[in-house]
1. Where does the range 153-279 land on Rg/Rh, using Cα atoms and the Kirkwood Rh?
2. Given a cut-off of 25 Å, what percent of all Cα-Cα pairs of the range 235-345 lie beyond it?
3. Which ³J(HN,Hα) values in Hz, rounded to whole numbers, follow from the phi angles of the range 301-307 under the Karplus curve 6.51 cos²θ - 1.76 cosθ + 1.60, where θ = phi - 60° and Gly and Pro get x?
4. For the range 295-350, what D do you get in µm² per second when you plug the Kirkwood radius from alpha-carbon pairs into Stokes-Einstein at 20 °C and 1.002 mPa s?
5. Residue 293 to residue 311: extension gain in nm, 0.36 nm per residue of separation minus the Cα-Cα distance?
6. Could you give the nm distance between label points at residue 268 and residue 207, where each point is 7 Å from its Cα heading toward the beta carbon?
7. Per residue, how big is the convex hull around the C-alpha atoms of the range 143-221? Give it to me in cubic angstrom, could you?
8. Using r as the Cβ-Cβ distance of residue 185 and residue 77, and R0 as 25 Å, what FRET efficiency do you calculate, to the nearest 0.05?
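What follows is calculated from the coordinates using simple rules that are stated; it is not laboratory data. Note that the structure is predicted; figures quoted are calculated from it, not measured. Neighbour counts run over all protein chains shown; Cβ positions are idealised from the backbone, glycine included.
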Amino acid sequence: MNINVVIVGHVDHGKSTLIGRLLYDSESIKEGRVKEIQKLAEEYKKRFEFAYFLDAFEDELREERTIDTTGVIFKSKNYYTITDVPGHKEFIKNMLTGASHADVAVLVVSCSQGIEEQTRRHAFLINMLGIKKLIVAVNKMDEVGYKKERFQEIQEKMEKLLSSFGYSHLPFIPISAMEGDNVYRKSSRMNWYTGPTLVEALDSIQVERKQKPLRFVVQGIYPASSEELILGRVESGTLRKDSELIFEPSGVKGKLRKIRVFEGEKDMAEEKDSVGVIFTGKARRGDVAGLLDTPPHPVDEFIGEAVLLIDSLREKDTLQLKLGTAKVYATIEKIKGKIDSETGGLIEKNPEKINAGEAAIIHFSTQPLVVEKFSEVPELGRFVLVRNNRNIAAGIVLEV
Ligand code: GDP
């Protein structure tokens, strides 16, 4: 199984060093490469810098185009793909483009430096991205003499912080990424710690890829010989030939007669597949199809969080809202709160308006539209607000 891991934490707390350590100890870096880098390190009479490995490794990946350069991979019980930290800008980009979804986050916090700004902000972001599995790696234990008391101090503070985002009973692991303690190998320098190493903790995580209901998003309708071809993309679940479907908000029911791809016909299509289908009823662009027992629900209101990129937004403003392939009119019914987009903290309750660069929780009313919570079906939980043909805000659906 391939598990997507995102490593987050404040700058300089040791994320790259940890990634380097994981790659090195799991022998994901080629032998020759290790020697070469060790030699270089010796030459410079430098301490072995694993962060250096990562840079070197990434260059290697870039050369081998076959591997995705956005992620590095190491293997233990599972294959792990590590993606980079979502900064605030990248986060907005993620909301717009739907970058890959992480199954697990490892939050790195330095025991000697303590909780800092990005420790908070990343905790907020991973929660917002719907990442439920979190491991806290308390790093640089070597700098605090591997002391249990120092570890416990950080653990207590972190537990307080993380419980405000709804995380509880998390694994906390004292590590030294630099020395390799409790990353791959159990440390003999912290006998007071009896829990798993970081890799053991990753290996024991149960990733629940819940069977999600079918959501097939219509991108276009094309006349093809005697019948109509509906082009679209499976955003979640499985599309099967001969199943009974309902398209919402059109409300049209019928039978899926054929699934067409470039090469011919198929019996089923899965998540991320773009296909053409022949259906017994009439669908429209912007419709979302589902099975009759788990149908998509069209809504005319929802709660979302939006970050305003330009202009300002006031209550009762009406704009266009793009979500999936749908484009509808939406009204700002209420701005429930202005929030700090870095930390997620509430800045002001019920403000009259928000300005560029600010984020807010908003109650929208819309023309009928199929939406899902961002944490469940990201492609149907992410929207853009448009005014005079300009994208002025990006947002995600929090509650339907
Ligand atoms: P990042 O910004 O979070 O990726 O942090 P880096 O991995 O670049 O590490 C920042 C600095 O902390 C570097 O000088 C590392 O050598 C050092 N560092 C990282 N992990 C450890 C550790 O476990 N112990 C000690 N003593 N230093 C570490």
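1. Numbers: Rg = 24.9 Å, Rh = 19.1 Å.
That ratio is 1.30, to two decimals.
2. Values: 2468 of 6105 pairs.
Tail fraction, whole percent: 40.
3. 7, 6, 9, x, 10, 10, 10
4. Values: Rh = 13.2 Å.
So the translational diffusion coefficient is about 163 µm²/s.
5. Working: separation 18, 0.36 × 18 = 6.48 nm, distance 4.24 nm.
Gain in length upon complete extension: 2.2 nm.
6. For residue 268 paired with residue 207, the spin-label model returns 2.0 nm.
7. Enclosed volume per residue, from the Cα hull, is 176 Å³.
8. Details: r = 16 Å, r/R0 = 0.62.
Efficiency computed from Cβ-Cβ geometry: 0.95.
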